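Here is the structure we will look at.
The values are calculated or read from the model by the stated rules, or taken from the named source; none is laboratory data. Note that the structure is predicted; figures quoted are calculated from it, not measured. Cβ placement follows ideal geometry from the backbone for every residue including glycine, while neighbour counts extend to all protein chains displayed. Protein only, heavy atoms only, side chains kept; ligands, DNA and RNA dropped before computing areas. Shrake-Rupley method; radii C 1.70, N 1.55, O 1.52, S 1.80 Å.
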Amino acid sequence: MRAFTAAIDRAINERPELFDLNDVNGGPRILNLDAYMTAVVAAIGEGGLCGHIDPEGEIGVKSGSSFSEQWIIASRAGWGVPTSNWVHRKYVGACSPATF
């Protein structure tokens with residue numbers, strides 16, 4: 001979904017303080033995961049879609065009640081604590097009807 005990836009790009013461009021743009025592992029490292037997810041959902045809304053952060057940490061996106069898509073927008077690297085998060089754009093699937 002082009003609008004979804006544009007929302008991630010918008011969050012990176014408009015909220016650079018949320019990222020370490022010099023530490024990349026497929027995408028910039030996220031310094032504040034909650035603020036990043038909130039910024040992406042806000043950008044989704046500004047793009048005319050409805051976004052939702054679900055309890056599993058995925059982002060749900062929909063334009064109506066007929067279907068929704070799920071996306072993972074942050075990947076974790078390493079197994080020890082703490083782990084770091086990098087910007088990620090992974091499509092998980094769609095549900096019909098919408099799940100939220």
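Residue count for region 1-14 under the criterion of being over 13 Å from residue 46 (Cβ atoms) and among the basic types (Lys, Arg): the result is 1. Scanning region 14-30 for residues that are within 13 Å of the chain's Cα centre (by Cα) and either of a type in the set (Gly, Ala, Ser) or open to solvent by 90 Å² or more (accessible area, probe 1.4 Å) (or both) turns up just one, 27.
Would you check which residues across region 28-62 are more than 15 Å from residue 5 (Cα to Cα) and among the polar types (S, T, N, Q) and list them? Listed by number, the list holds a single entry, 32. Among what's in region 38-47 and is open to solvent by less than 70 Å² (accessible area, probe 1.4 Å) and free of Cβ contacts under 8 Å to residues at least 40 places away in the same chain, pick the residue that is farthest from residue 61 (Cα to Cα). The qualifying residue farthest from residue 61 (Cα to Cα) is 39. A single member of 3, 35, 11 is in a helix (DSSP H, G or I), surrounded by 13 or more Cβ atoms within 10 Å (Cβ to Cβ) and in contact (Cβ under 8 Å) with a residue 40 or more places away in the chain, and it is 3. Residues that are out of contact with any helix residue (DSSP H, G or I) (no Cβ under 9 Å at 6 or more places or on another chain), at pLDDT 90 or above and of a type in the set (Ser, Thr, Tyr) within region 82-98 comprise just one, 96. For residue 17, are the conditions met, namely being at pLDDT 90 or above and over 20 Å from residue 100 (Cα atoms)? In short, yes. Only a single item in (1) crowded, with 16+ Cβ neighbours inside 10 Å; (2) at pLDDT below 90; (3) in a strand (DSSP E or B) is not met by residue 60, and it is number (2).
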